[in-house]
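*Asks:* Pasting a structure below so you can have a look.
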Amino acid sequence: MEFFGRRAGDVGATGDRSGLIEIYAAAGVPAVHVIDIRKLVADYGMPYDPETPPKIGEGAPYMRTEYSKIPAACALAVDAALLICGHRRGRRVRR
């Protein structure tokens, strides 16, 4: 992916002082740097400064969403059972 002649990941080494934009770009994750954020939040009626900022290392950018694997496993089992039953039923009809 290329933006203004630069590709995602075309960033120098990241270190302790790197921000999220540099870290995400170095990892190849598309990132957008918003300029004039005060006007943008005013246009949408959002607060500029949160009342209580999260501690370093906490907050939405650092969270990982994990979903339960049980419903997916159940759905996969049902799908497999339907495919097997359908395949067996197809054999009986052809004979």
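Every number here is computed from the coordinates shown, using simple stated rules; none is lab data. This one's a predicted model, so the numbers in the text were calculated from it and none came from an experiment. All Cβ positions, glycine included, derive from the backbone under ideal geometry; neighbour counts span all protein chains shown.
*Asks:* Using 0.36 nm times the number of residues separating Tyr67 and Arg89, minus their current alpha carbon distance, what extension gain do you get?
*Replies:* Contour length minus the Cα-Cα distance gives 4.5 nm.
*Asks:* Calculate, in nm to one decimal, what Asp36 and Ala75 gain on full extension: separation in residues at 0.36 nm each, minus their alpha carbon distance.
*Replies:* Full extension from Asp36 to Ala75 adds 9.4 nm.
*Asks:* Using label points projected 7 Å from each Cα along Cα→Cβ, tell me how many nm separate Leu20 and Met46, to one decimal.
*Replies:* Output for this residue pair reads 1.0 nm.
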